[in-house]
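Laboratory data are not the source of any read-out in this text; all were calculated from the coordinates shown. Note that the structure is a prediction, hence the values are computed from the model and not measured. In this analysis, Cβ positions are derived from the backbone assuming ideal geometry, glycine residues included, and neighbour counts consider all displayed protein chains.
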Amino acid sequence: MVIKNATYVISSPSYKNCPPADMPEYAFIGRSNVGKSSLINLITNRQNLAKTSATPGKTQLINHFLIESGSNKQGRLQWYLVDLPGYGYAKKAKTERKSWSKMIEDYLLHRENLVNLFVLIDSRHKPQRIDLEFLSQLYEWEMPFTLVFTKADKEKPGVVQRNVDAFLEELKASTQFLPQVIVTSSAKKSGKEELLELIARMNES
Ligand code: GTP
Ligand code: MG
């Protein structure tokens, strides 16, 4: 699948302000600073479409991007990519964390065109409780998701693989569920084709 066009649409404080739910939608979520906005820029081939920052907590609202993709087979297709604010930012006040939970929970439970959630996990770390808890919640809500490991350029491939395997092991222990997994690096531009092919297949079904 080739992305022909990617444009910023709107930043919303609630699902109620989001654009009409009339196209398939895919959202990126994960810990603050895990690389959500960078990965959106990678797959859309745009350096600054989604705002990135070395300081955690950059993305604060629900950001919609309208994507036009095409392939020889299917002609052109429009869909939304959504950049969400991250969780687990230690410096945030409790009230702020609560409002994040409310915003995200409402969005996930009410956005009827949301096809799949891409949950980003930092491949440098051993399984983190906050990620596993978030995934258990998604599993309970029966929300379809894919795991996307990020920043694979920062560790040796063996370490990345060990962390991925350990994560899946822990997830399976708590949910008996093994999701699809993609390993990426925005710095090395890897994992992009896999991610786009997955979205293309979901768009077809
Ligand atoms: P919030 O919006 O704050 O939740 O963060 P985010 O998940 O959108 O992360 P963002 O894309 O802003 O990236 C955070 C930092 O990590 C930036 O300094 C990026 O340059 C860096 N980064 C993101 N992806 C990669 C990667 O694949 N490799 C490396 N080496 N750095 C990365
Ligand atoms: Mg961001």
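Do you know which of the residues in the range 100-136 that are away from ligand 1 (no atom under 13 Å from the Cβ), without any contact (Cβ under 8 Å) to a residue 40 or more places away in the chain and within 22 Å of V159 (Cα to Cα) is surrounded by the fewest Cβ atoms within 10 Å (Cβ to Cβ)?
R129
Return the only residue of L178, L168 being farther than 18 Å from G35 by Cβ, part of a loop (DSSP other than H, G, I, E, B) and without any contact (Cβ under 8 Å) to a residue 60 or more places away in the chain.
L178
Got at least one residue in the range 88-110 being part of a strand (DSSP E or B) and of a type outside the set (D, E)? Don't jump to the end; show me each part of the working.
Within the range 88-110, the first condition is being part of a strand (DSSP E or B), and the residues that meet it are none.
Among the residues of the range 88-110, not one is part of a strand (DSSP E or B) and of a type outside the set (D, E), which makes the answer no.
On the basis of being surrounded by 13 or more Cβ atoms within 10 Å (Cβ to Cβ) and either more than 21 Å from N33 (Cβ to Cβ) or away from ligand 1 (no atom under 16 Å from the Cβ) (or both), does L147 make the cut? Spell out the reasoning first.
On the way: surrounded by 13 or more Cβ atoms within 10 Å (Cβ to Cβ): yes; either more than 21 Å from N33 (Cβ to Cβ) or away from ligand 1 (no atom under 16 Å from the Cβ) (or both): no.
Spelling it out, it is not the case that L147 is surrounded by 13 or more Cβ atoms within 10 Å (Cβ to Cβ) and either more than 21 Å from N33 (Cβ to Cβ) or away from ligand 1 (no atom under 16 Å from the Cβ) (or both).
Scan the range 127-162 residue by residue and report those that are assigned to a helix (DSSP H, G or I) and closer than 18 Å to L198 by Cβ.
L135, L138, A152
Which numbered condition trips up T55, out of (1) surrounded by 15 or more Cβ atoms within 10 Å (Cβ to Cβ); (2) not in a strand (DSSP E or B)?
T55 satisfies every listed condition except (1).
If I ask for residues that are part of a loop (DSSP other than H, G, I, E, B), near ligand 1 (Cβ under 7 Å from one of its atoms) and small (G, A, S), which ones from the range 21-49 would you list?
S32, G35
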